Structure formats: structure tokens, C-alpha cells
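Single-structure report; data block below.
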Amino acid sequence: MTEQVFHTVWMPLQTRFYRMAFYMLESEADAKDAVQELYLKLWNLRDHLEMIGNPSAYGTMLLKNLCIDRIRRARPTEEPDEAAALEAPPDTALENRERLREVRKAIEGLPPTQKHLLQLRVFEGLSYEEIAQKTGLSPLNIRVQVSLARKKLKQSL
């Protein structure tokens, strides 16, 4: 694909891509960065873009994945640890540490399936569809199991 064809086909979609990125990322700077990253990716794929029948749909799919990656990178993925509990003022550090132990004990008391699904959903931040792909369970079953796990945690805490 030549530079002229690239500008004719892909550049008019820039406003649409920006609006979508802004909707997903809720930040003007992040949306601009995501669109720029999209165009870099498209330019690097320019030799294969001639086969694309619907540039708008293809670009939207790529941009959606780029935005999801940005959101995941911004989300904390680690479990709360004792160091975080100790960062609190001294009078509440002991209470936080004790509460953290109670939560961990309650999670350990869950059935293995519910424990695993809760960890995938809460600590790894996976969607129900991603968990379904990973585990082979239906998204509805996963929602029910995660809901039951949360209910049991509330009862035990």
C-alpha cells in the first residue's frame, strides 16, 4: 500500500478512532496516544492492509484491543500485601494487618473452584468471557460462582 492510498483510506477515520479511544480511556491525552499507536501499527502493517474489506471495523478492533491493554497496564494487579497494610498510620497498621489475615483466611476457606474464579476476576482483572476461555466454563456459571464466593466472604467476614 502506498502512502497516498494509506492517507486516503485510513486518515479520514482518525476522528472516529479518537472518539472511541476517548470513550474507553476517559482521557484526552491517553486517547491521542492510543490513536497514534494505532496508526503506527497500521503503518507497519501497510503491506497487508489492502486485503482489509472494512477499514473502519478493522481499525476499531485494533484500537479496542490497544485501549484494553492500556487499561490493564494501568490497573494494579497485585494482591494486597502486608507492606501496604503497614503504610497506614501506626494506630491502624495493626488493624489493617489483622483484617488482611482475616480476608486471606476467608479466601482460603472457599471451595477451590470459587477461589480460583474469584482470583481470576478480582486479582487478575479478567472479564467473565476471558475467564470462560481460560477455564472452559460458561460466563453465566462463572458469574454465579464469583457471586457465591463474594457472598461467602461477606458472611465469614
Add -39500 (n - 2.57) for each DSSP H run of 4 or more in the chain, then divide by its residues: what number comes out at 222 nm, to the nearest 500 deg cm²/dmol? -22500 deg cm²/dmol
When the chain is fully extended, how far beyond the present Cα-Cα distance does Thr8 get from Leu94, taking 0.36 nm per residue of separation? 24.7 nm
If N is the residue count of segment 1-75, its Cα Rg over 2.2 N^0.38 Å rounds to 1.08
Computed from these coordinates, which is semi-axes √(5λ) of the Cα gyration tensor in Å: (i) 27, 22, 15; (ii) 23, 18, 17; (iii) 43, 21, 11? (iii)
What percentage of the solvent-accessible surface of the chain, computed with a 1.4 Å probe over protein heavy atoms, is contributed by carbon and sulfur atoms? 53 percent
Between Asn54, Asn96, Asn65, find the one with the highest GNM mean-square fluctuation for the chain; connect C-alpha pairs within less than 10 Å. Asn54
Provide the FRET efficiency to the nearest 0.05 for the Met51-Ser27 pair, computing r from the beta carbons and using R0 = 30 Å. 0.35
Cross-link partners among lysines for Lys151, C-alpha distance below 23 Å, same-chain residues fewer than 8 apart left out? Lys105, Lys115
Using a cut-off of 29 Å between alpha-carbon atoms, which lysines can reach Lys41, once sequence neighbours fewer than 8 places away in the same chain are excluded? Lys32, Lys64, Lys134
Using alpha-carbon pairs under 8 Å, 6+ residues apart, how would you state the relative contact order of the chain in percent? 17 percent
Dipole magnitude (debye, nearest 20) for the chain, charges at Cβ of Lys, Arg, Asp, Glu: 720 debye
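The values are calculated or read from the model by the stated rules, or taken from the named source; none is laboratory data. The shown structure was predicted, so the numbers you read here are calculated from the model rather than taken from an experiment. So basically every Cβ, Gly included, is an ideal-geometry build from the backbone, and we count neighbours across all protein chains shown. Only protein heavy atoms, including side chains, enter the accessible area calculation; ligands, DNA and RNA are left aside. Shrake-Rupley method; radii C 1.70, N 1.55, O 1.52, S 1.80 Å.
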